[in-house]
């Protein structure tokens, strides 16, 4: 499309400002993790790895990382399994109340996380289920399943049923056909649903806060550190997390793209 | 009964059984984690506090809320700031989405796209923390201004509605960019060219062609940004401080500080209704379908 010179300049400037707004804060967080000053602010006074050393000494932090990993694995397993079976039911079958079921299944995506947390807390309390990591797994799954469902359904919808029928004509049972043909076809979607679930769980704060009780996941631990005041230690843990998540993000979108091609 | 109907019945039975087995995990999820919890929250909000030992239903929790000026003020402020955040997100994101979808060359567009998505792989908590470092009294901006001798005293940037707005726009703007981008991506460029050929200026092309075309995307984005903003706890607590309380903080305080779960339920249920109402209004205005809006993300 034809665009005037003025507009071109406008878009360029806007884009550069936007990218500074977007990436600047994270770069500053990372930069200040190497600053010798105990208050995380510019200017840089000197280079140090002291804050990283302190991280590795922090037992509570290590424990919270372990908790987060355990929770994320639990949530990932639940989300991917429930999402896969539900996708088959929704894509392959027509049943009464299907639209209502589908709307309810997607509703957690547009329900505030705080409300999911509070309502599940009330319910678990009624059935004498104590807050803690198990409660967090249930609470996070309540909305992460919806995201996994969207991912897996999108691919299952594109599946050519005749492939499964061909396998059956060649003597495979229905179940074998699904295991040998359909599930491998779904693999990319299952992998991206799993990584999405893991990431969403690992980062979750709003729902977790209400269900975690006295145990701590990593975001809850960082939050309580923040309440004591800003410290470059938080910059250090943030830097590690930024690097890890960005690497994981690149990795999963790479594999996702590769798998997509065949 | 003929053999044929018997076989048909058997097939029917088998089909229903498989469907039931496939649906069971999903049904359990929807019932145990969505419907029953939210319904019990709803019921609880109409009950007396346990310390009163009174049975039956009451409106006292809602009455307490709606006659408490401070609560009403916090509620309306949260609503107003969330709408502002949604609007600012739209203003910031629309040109970017348009640029990526329609102006930039494909190679460039892909690069910008990756740069835009990267920050959203990082946890919300860290993104919020970064703004505490930047906006604080001894933060990056204030240090910078004082170093340049532009100010002798720090400007208060943190712990007010400004910092909450900046932080929340930052946290959720991807949810605005993505749906607008995907509707614009699907738009035929010749629509804009035709309008230009017919004599429309650039402003009118935007107003009459591009914005109406991307309306479903704008609406999905607005719903997500509004809902996430109104329903988050973390950024308002860390960036709003103790002076500017967000409605979710009020809910948290009722549950864990005042230990008044019934009133907390009433507040939480009001927030849920507010979100639903907003979504309903937006969908009605734009004439969309709910499931399409969600799938757009």
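The values are calculated or read from the model by the stated rules, or taken from the named source; none is laboratory data. Keep in mind that what you see is a predicted model, and the values were worked out from it rather than measured. Cβ placement follows ideal geometry from the backbone for every residue including glycine, while neighbour counts extend to all protein chains displayed.
Among the candidates A:74, A:46, which residue alone is over 30 Å from residue B:111 (Cβ atoms) and in contact with a strand residue (DSSP E or B) (Cβ under 8 Å, 6 or more places away or on another chain)?
Only one candidate passes the filter, namely A:46.
Filter segment A:182-221 down to residues that are free of Cβ contacts under 8 Å to residues at least 12 places away in the same chain and either closer than 12 Å to residue B:123 by Cβ or surrounded by 20 or more Cβ atoms within 10 Å (Cβ to Cβ) (or both), then give me how many there are.
0
For the condition without any contact (Cβ under 8 Å) to a residue 12 or more places away in the chain and within 12 Å of chain A (Cβ to nearest Cβ), what is the one hit in B:247, B:255, B:226?
B:255
Of all residues in segment B:1-29, how many are within 18 Å of residue A:141 (Cβ to Cβ) and either more than 9 Å from chain A (Cβ to nearest Cβ) or not in a helix (DSSP H, G or I) (or both)?
Residues that pass the stated criteria total 0.
When the residues of segment B:30-53 are filtered to those that are more than 8 Å from chain A (Cβ to nearest Cβ) and closer than 10 Å to residue A:119 by Cα, which remaining residue is surrounded by the fewest Cβ atoms within 10 Å (Cβ to Cβ)?
B:39
Report yes if some residue within segment B:197-210 is in a helix (DSSP H, G or I), in contact (Cβ under 8 Å) with a residue 60 or more places away in the chain and either in the same structural domain as residue B:97 (by TED's automatic domain parsing) or surrounded by fewer than 20 Cβ atoms within 10 Å (Cβ to Cβ) (or both); otherwise report no.
Within segment B:197-210 (the criterion being in a helix (DSSP H, G or I), in contact (Cβ under 8 Å) with a residue 60 or more places away in the chain and either in the same structural domain as residue B:97 (by TED's automatic domain parsing) or surrounded by fewer than 20 Cβ atoms within 10 Å (Cβ to Cβ) (or both)), the answer is yes, since at least one residue qualifies.
Of all helices (runs of 4 or more DSSP H) completely enclosed by segment A:154-244, which ones contain at least 3 residues that are within 12 Å of chain B (Cβ to nearest Cβ)?
A:183-203, A:208-211, A:218-228
If I filter segment B:146-164 for residues that are within 10 Å of chain A (Cβ to nearest Cβ), part of a loop (DSSP other than H, G, I, E, B) and either modelled with pLDDT of 90 or more or surrounded by 15 or more Cβ atoms within 10 Å (Cβ to Cβ) (or both), do I get at least one hit?
no
Counting only residues that are more than 30 Å from residue A:78 (Cβ to Cβ) and at pLDDT below 95, give me the helices (runs of 4 or more DSSP H) lying completely in segment B:30-107 with at least 3 of them.
B:60-67, B:69-98
Which members of segment A:122-140 meet the condition of being more than 7 Å from chain B (Cβ to nearest Cβ) and in contact with a helix residue (DSSP H, G or I) (Cβ under 6 Å, 6 or more places away or on another chain)?
Selection gives A:124, A:131, A:133, A:135, A:136, A:137, A:139, A:140.
Please go through segment B:128-143 and pick out each residue that is assigned to a helix (DSSP H, G or I) and at the interface with chain A (Cβ under 7 Å from one of its Cβ atoms).
B:129, B:130, B:131, B:132, B:133, B:134, B:140, B:143 - these are the residues of segment B:128-143 that are assigned to a helix (DSSP H, G or I) and at the interface with chain A (Cβ under 7 Å from one of its Cβ atoms).
For segment A:222-252, which positions are within 18 Å of the chain's Cα centre (by Cα), surrounded by fewer than 16 Cβ atoms within 10 Å (Cβ to Cβ), under 28 Å from residue A:132 (Cβ atoms) and without any contact (Cβ under 8 Å) to a residue 40 or more places away in the chain?
Selection gives A:244 alone.
Please go through (1) over 14 Å from the mean Cα position of the chain (by Cα); (2) farther than 24 Å from residue B:104 by Cα; (3) buried (at least 23 other Cβ atoms within 10 Å of the Cβ); (4) more than 9 Å from chain A (Cβ to nearest Cβ) for residue B:214 and return the number of the only condition it doesn't satisfy.
Of (1) over 14 Å from the mean Cα position of the chain (by Cα); (2) farther than 24 Å from residue B:104 by Cα; (3) buried (at least 23 other Cβ atoms within 10 Å of the Cβ); (4) more than 9 Å from chain A (Cβ to nearest Cβ), only one is false for residue B:214: (2).
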